[in-house]
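Since the structure comes first, as structure tokens, the remarks are kept for the end.
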Amino acid sequence: MKANVKIALVTGANKGLGFEISRQLAQKGCTILLGTRNMERGAAAAEKLKDVGDVQPIEIDYERSDTIERAVETIKNKFGRLDILVNNAGIADSADGLPIKTDIAAVERIFATNFIGTLRVVQAMLPLVKQSASGRIVNISSGLGSLTLNGDPTYKSVQYRMLGYGASKAALNMLTVQLASELQGTSIKVNSAAPGFTATDATGNMGKPVEEGATEPVRLALLEDDGPTGGFFEQEGKVPW
């Protein structure tokens, strides 16, 4: 392993956006740890990328802290550091909806993965990211998590009112802001990325190509040392909080 090769962990990466982010980072020369809840699916996904670069499946299930702990030990023993952490794993729920009628259990499930699960992974992996000369943490958020956009009746996605999902992404943005502030003065940069309405299983494969949706997360994962931290970005530029 060359010292200048970046080690990148992408969660929820055996398909969809996470898979494409992994592919693009592998193309850039990163060693990819392809996070997956199901190792059989993860191994199959890694096999598809074998001609692109060094891609290795690693088990991470946000609902099972033991998998996160084992992943930390694996990365520590094999690489000694983590240069890039892309927190991509997330869910939506068909029982989610408007505040008056959304299913409380659905909201709890969404928060357990999209916010609590991500926070758990961040806390576990941060000591390894601190061993990097230029650590990068990218939280995959959404314009639906923007308070400003949700309060704008002209917002292009204003019809998508899912309280649990939007609130979980707003909470994720708070994690980005506070973690970036806490790490101010270090070499670690923390940012939120909004891929936009991208064709994945979660959107019924409607929306822009996943190759396009992955562009901004990949850019933020490979930021130069003079790049921003504590921001919220989409392909077109900054997203309002």
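Listed values, structure above:
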| quantity | calculated |
| --- | --- |
| Residue in region 143-159 that is out of contact with any Pro (no Cβ under 7 Å at 6 or more places or on another chain), at pLDDT 95 or above and not in a helix (DSSP H, G or I) present | no |
| Test result for Glu69, farther than 29 Å from Gly166 by Cβ, surrounded by fewer than 22 Cβ atoms within 10 Å (Cβ to Cβ) and free of Cβ contacts under 8 Å to residues at least 40 places away in the same chain | no |
| Residue count for region 166-196, restricted to those that are surrounded by fewer than 19 Cβ atoms within 10 Å (Cβ to Cβ) and among the charged types (D, E, K, R) | 1 |
| Test: Gly164 is part of a loop (DSSP other than H, G, I, E, B) and among the small types (Gly, Ala, Ser) | no |
| First in region 110-124 and aromatic (Phe, Trp, Tyr) and at pLDDT below 95, second anywhere and surrounded by 16 or more Cβ atoms within 10 Å (Cβ to Cβ) and not in a helix (DSSP H, G or I), Cβ under 9 Å, 6 or more apart | none |
| Single residue of region 187-241 satisfying the filter (at pLDDT 95 or above and of a type in the set (S, T, N, Q)) that is nearest to Ala13 (Cα to Cα) | Thr215 |
| Test result for Leu34, within 17 Å of Thr74 (Cβ to Cβ), under 14 Å from the mean Cα position of the chain (by Cα) and without any contact (Cβ under 8 Å) to a residue 40 or more places away in the chain | yes |
| Every pair of residues 6+ apart whose Cβ atoms lie under 6 Å, when the first sits in region 89-101 and is farther than 22 Å from Val121 by Cβ while the second is surrounded by fewer than 16 Cβ atoms within 10 Å (Cβ to Cβ) and at pLDDT below 95 | Leu98/Arg161 |
| Breaking point among (1) modelled with pLDDT of 95 or more; (2) surrounded by fewer than 18 Cβ atoms within 10 Å (Cβ to Cβ); (3) of a type in the set (Asp, Glu), for Asp96 | (2) |
| Check on Asp61, more than 24 Å from Pro195 (Cα to Cα) and surrounded by fewer than 21 Cβ atoms within 10 Å (Cβ to Cβ) | no |
| Residues located in region 21-34, provided they are over 18 Å from Gly213 (Cβ atoms) and buried (at least 23 other Cβ atoms within 10 Å of the Cβ) | Cys30, Leu33 |
| Looking only at region 134-165, and only at residues there that are free of Cβ contacts under 8 Å to residues at least 60 places away in the same chain and buried (at least 22 other Cβ atoms within 10 Å of the Cβ), the one that is farthest from Asp225 (Cα to Cα) | Leu144 |
| Count - residues of region 176-200 that are assigned to a loop (DSSP other than H, G, I, E, B), small (Gly, Ala, Ser) and within 15 Å of the chain's Cα centre (by Cα) | 2 |
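A quick yes/no check of all residues on (1) outside any helix (DSSP H, G or I); (2) within 16 Å of Gly18 (Cβ to Cβ):
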site	(1), (2)
Val52	yes, yes
Glu63	yes, no
Glu69	no, no
Ala89	yes, yes
Asp96	yes, no
Arg109	no, no
Ala124	no, no
Pro127	no, no
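The values are calculated or read from the model by the stated rules, or taken from the named source; none is laboratory data. What you see is a predicted model, and the numbers here were worked out from it, not measured in a lab. Here Cβ is always computed from backbone atoms with ideal geometry, including for glycine, and neighbour counts include all displayed protein chains.
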